[in-house]
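This report refers to the structure that appears directly beneath it.
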Amino acid sequence: MKSPFIMHIQESHSWDLSPQQAVELQKQLCGQIICRDKLGSVHIVGGIDVAYLGEGKIACAAVVALSFPELMLKEIVLAQKPVRLPYIPGLLSFRETPVILDALAKLSTSPDLLICDGHGLAHPRRFGLACHLGLLTGLPSIGVAKSLLVGAHDPVAEAAGSWQLLLDGGEVIGAALRTRVGTKPVFVSIGHRLSLKTAIDYVLHLTAGYRLPEPIRLAHLHASKQSN
């Protein structure tokens, strides 16, 4: 069965870009991100993570498809690809999106929502990994990151589900969300085609007793196995 993502992948932009060209492309594409709820019923969630092997020269992507709201694992797909761009803060999506698209092209289960280990709008140019993936696949997408890239927030209460807005220069770019008591907050931001409140709600519904949402946690486990 051919993946529903193949057409989007064929229409994606060139990846042979210098860091300066990548920055300019982010500035051009960020205006296309839809920051309101434009998603239908969610029955399948795709979780995404990338690990590295060969001293960081090979990117290893894992995409898992889980049923929602049951969070039953339906499918796992893996892909590997040489890295074209060195690690540069703010340009992670240009390192990871190509191999993620290769993995998505193998999916036989079509997700209704993507959630990835990375930022979306919580990015200096408002175009992180979740935005890039959302725009190229046309799917609603959410970024959930373990560390802060840009912005600041007030202290988050200890109770699970507590959150504070993440602000950068007075602009709301995401939220610091505590998913589990006794763990540090994660940073949730819009990728594409949904509001911040909806993104937070989905992250909480996708979290099953761990700090990270279950789709990302499982994707991380399978991506890491490739790099061992």
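Of note:
- Some residue of the range 18-33 being surrounded by fewer than 16 Cβ atoms within 10 Å (Cβ to Cβ), of a type outside the set (S, T, N, Q) and touching a Lys or Arg at 6+ places or on another chain (Cβ under 8 Å): yes
- Among the criteria (1) under 28 Å from residue 27 (Cα atoms); (2) not in a strand (DSSP E or B), the one residue 71 does not fulfil is (1).
- Meets criteria (assigned to a loop (DSSP other than H, G, I, E, B), closer than 15 Å to residue 45 by Cα and touching a strand residue (DSSP E or B) at 6+ places or on another chain (Cβ under 6 Å)) for residue 114: no
- Leading residue by the ranking (farthest from residue 194 (Cα to Cα)) among those in the range 23-48 that are assigned to a strand (DSSP E or B) and not small (Gly, Ala, Ser): 48
- Between 7, 72, 1, the distinction of being loosely packed, with under 14 Cβ neighbours inside 10 Å and at pLDDT 95 or above belongs to 72 only.
- When residue 38 is tested against (1) within 20 Å of residue 214 (Cα to Cα); (2) touching a residue at least 24 places away in the same chain (Cβ under 8 Å), only condition (1) is not met.
- Hits in the range 154-205 (condition: touching a Leu at 6+ places or on another chain (Cβ under 6 Å) and of a type in the set (Ser, Thr, Tyr)): 189
- Residue count for the range 148-200 satisfying the condition of being closer than 15 Å to residue 211 by Cα and of a type in the set (Ser, Thr, Tyr): 3.
- Of all residues making up the range 113-133, the number that are surrounded by fewer than 24 Cβ atoms within 10 Å (Cβ to Cβ) and under 14 Å from the mean Cα position of the chain (by Cα): 1
- From 42, 64, residue being at pLDDT 95 or above, touching a Phe, Trp or Tyr at 6+ places or on another chain (Cβ under 8 Å) and surrounded by 14 or more Cβ atoms within 10 Å (Cβ to Cβ): 42
- Conditions (1) more than 11 Å from residue 48 (Cβ to Cβ); (2) among the hydrophobic types (A, V, I, L, M, F, W, C); (3) without any contact (Cβ under 8 Å) to a residue 60 or more places away in the chain; number of the one not met by residue 77: (1)
- Applying the condition of being within 20 Å of residue 128 (Cα to Cα) and acidic (Asp, Glu) to the range 155-184 and asking which residue is surrounded by the most Cβ atoms within 10 Å (Cβ to Cβ) yields 168.
- Residue 96 vs. criteria without any contact (Cβ under 8 Å) to a residue 60 or more places away in the chain, acidic (Asp, Glu) and surrounded by 22 or more Cβ atoms within 10 Å (Cβ to Cβ): yes
- Close pairs (7 angstrom Cβ cut-off, 6 or more residues apart or separate chains): β-branched (Val, Ile, Thr) in the range 127-141, not in a strand (DSSP E or B) anywhere: 137/5; 137/8; 137/104
- Selection count, the range 82-111, where residues are touching a helix residue (DSSP H, G or I) at 6+ places or on another chain (Cβ under 6 Å), over 18 Å from residue 216 (Cα atoms) and not in a loop (DSSP other than H, G, I, E, B): 1
The values are calculated or read from the model by the stated rules, or taken from the named source; none is laboratory data. Only a predicted model underlies this, so the values are computations on that prediction, with no experimental measurement involved. Using ideal geometry, Cβ is built from the backbone for each residue, glycine included, and neighbour counts are taken over all protein chains shown.
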